[in-house]
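**Student:** Dumping the structure here so I can ask a few things about it.
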Amino acid sequence: AHWYGPATAAPLEHQSLGRDQTGTDTDAAADWDAAAGPDAQLPSPGWANTPSIPITFSAGWNLFSSPVGSHQTVADLLATGGGTRGSVHAAMFVWEQKRYRVLTETSALIPLAGCWAFVCGEAPVQCLLHGPPPTTDPVVIDPGWNLLGPSTDGPVPVAEFLADTVWAWEDGRYRQIHTRNARDGNELRCTQAYWFYSNSDQQQQLQFVGE
């Protein structure tokens with residue numbers, strides 16, 4: 001399933017995620033119900049002797065990325081939250097080819113790809129990302145907007161084809177990071193995801209510093 005929404009010249013607002021997953025409507029009808037929690041018992045992760053990276057989901061929308069290379073599914077991730085996993089909606093959204101794709105419980109998380117998750121309750125939910133680090137090869141950057149995160153903490157990469165501003169999602173709002181201004185606190189954080197804009201009309205490769 002794909003989400004089709006109106007084109008925008010800025011990072012997509014989180015409100016857009018509430019639209020009908022399969023339709024092209026832009027009104028409030030048939031919108032996805034973010035309060036409908038997942039049901040049934042989810043399987044345990046089942047990964048033994050692999051590194052675990054903690055991640056905390058706060059109330060409302062969260063923008064994150066998986067810095068590990070395993071095929072951990074949405075259900076696997078939520079199962080690590082124990083008794084609080086029902087607070088995180090089982091449908092997540094990943095940005096691919098200039099549109100959102102819905103990740104269901106059986107969908108595998110894509111290493112380094114930015115993903116939206118919604119917490120219905122007020123309490124934060126702590127989960128674990130399992131698996132080995134992904135490849136340190138350069139990532140592919142498409143023309144226009146790209147949503148991804150690094151596998152380790154490090155400075156914002158600088159490239160001629162990238163816009164000077166990267167967008168981070170913090171405390172329920174976007175924050176601009178000017179890539180050429182160190183005073184902005186422009187270090188990228190592992191498990192977070194960021195909007196990058198490529199001015200190139202062709203695919204490019206981007207190497208995160210420190211990987």
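The values are calculated or read from the model by the stated rules, or taken from the named source; none is laboratory data. This structure is a prediction, so every number in the text was calculated from the model and none was measured. Neighbour counts are summed over all protein chains in view; Cβ atoms, including those assigned to glycine, are modelled from backbone coordinates with ideal geometry. Only protein heavy atoms, including side chains, enter the accessible area calculation; ligands, DNA and RNA are left aside. Shrake-Rupley method; radii C 1.70, N 1.55, O 1.52, S 1.80 Å.
**Student:** Conditions first: (1) in contact with a His (Cβ under 8 Å, 6 or more places away or on another chain); (2) assigned to a loop (DSSP other than H, G, I, E, B). TRP169 passes all but one, so which condition is the exception?
**Tutor:** Only one criterion is unmet by TRP169, namely (2).
**Student:** May I pose another question? Within segment 112-156, how many residues are part of a strand (DSSP E or B) and open to solvent by 50 Å² or more (accessible area, probe 1.4 Å)?
**Tutor:** 4
**Student:** With the structure loaded, tell me whether LEU103 is without any contact (Cβ under 8 Å) to a residue 60 or more places away in the chain, within 15 Å of the chain's Cα centre (by Cα) and either open to solvent by 40 Å² or more (accessible area, probe 1.4 Å) or on the phi > 0 side of the Ramachandran plot (or both) or whether it fails that test.
**Tutor:** It is false that LEU103 is without any contact (Cβ under 8 Å) to a residue 60 or more places away in the chain, within 15 Å of the chain's Cα centre (by Cα) and either open to solvent by 40 Å² or more (accessible area, probe 1.4 Å) or on the phi > 0 side of the Ramachandran plot (or both).
**Student:** Kindly check whether there is at least one residue in segment 91-105 that is among the polar types (S, T, N, Q) and either at pLDDT below 90 or closer than 24 Å to LEU188 by Cα (or both).
**Tutor:** The answer is yes; a qualifying residue exists.
**Student:** While we're on this one: Collect the residues in segment 98-111 that are within 20 Å of LEU148 (Cα to Cα), of a type outside the set (S, T, N, Q) and in a loop (DSSP other than H, G, I, E, B), keeping them in residue-number order.
**Tutor:** Within segment 98-111, LYS98, LEU109, ILE110 qualify.
**Student:** Only one of (1) part of a loop (DSSP other than H, G, I, E, B); (2) open to solvent by 50 Å² or more (accessible area, probe 1.4 Å); (3) at pLDDT 90 or above fails for SER200. Which number is that?
**Tutor:** Looking at each condition in turn, SER200 falls short on (2).
**Student:** If a residue must be modelled with pLDDT of 85 or more and out of contact with any Phe, Trp or Tyr (no Cβ under 8 Å at 6 or more places or on another chain), how many such residues does segment 163-197 contain?
**Tutor:** The qualifying residues number 6.
**Student:** Next question, about the same structure. Would you say TRP95 is open to solvent by less than 10 Å² (accessible area, probe 1.4 Å) and either part of a loop (DSSP other than H, G, I, E, B) or of a type in the set (Phe, Trp, Tyr) (or both)?
**Tutor:** Considered against the rule, which asks whether it is open to solvent by less than 10 Å² (accessible area, probe 1.4 Å) and either part of a loop (DSSP other than H, G, I, E, B) or of a type in the set (Phe, Trp, Tyr) (or both), TRP95 comes out as no.
**Student:** Of these, PRO155, PRO133, which one is in contact with a strand residue (DSSP E or B) (Cβ under 6 Å, 6 or more places away or on another chain) and not charged (D, E, K, R)?
**Tutor:** Just one listed residue meets the conditions, PRO155.
**Student:** Those residues that are modelled with pLDDT of 90 or more and under 17 Å from ALA75 (Cα atoms), I need them from segment 126-148; list them, please.
**Tutor:** GLN126, CYS127, LEU128, LEU129 - these are the residues of segment 126-148 that are modelled with pLDDT of 90 or more and under 17 Å from ALA75 (Cα atoms).
**Student:** Could you check how many residues of segment 93-128 are under 19 Å from TRP169 (Cβ atoms) and polar (S, T, N, Q)?
**Tutor:** 1
**Student:** I'm trying to understand the selection: among the residues of segment 55-92, which are under 19 Å from ASP171 (Cα atoms) and in a loop (DSSP other than H, G, I, E, B)?
**Tutor:** SER58, ALA59, HIS89
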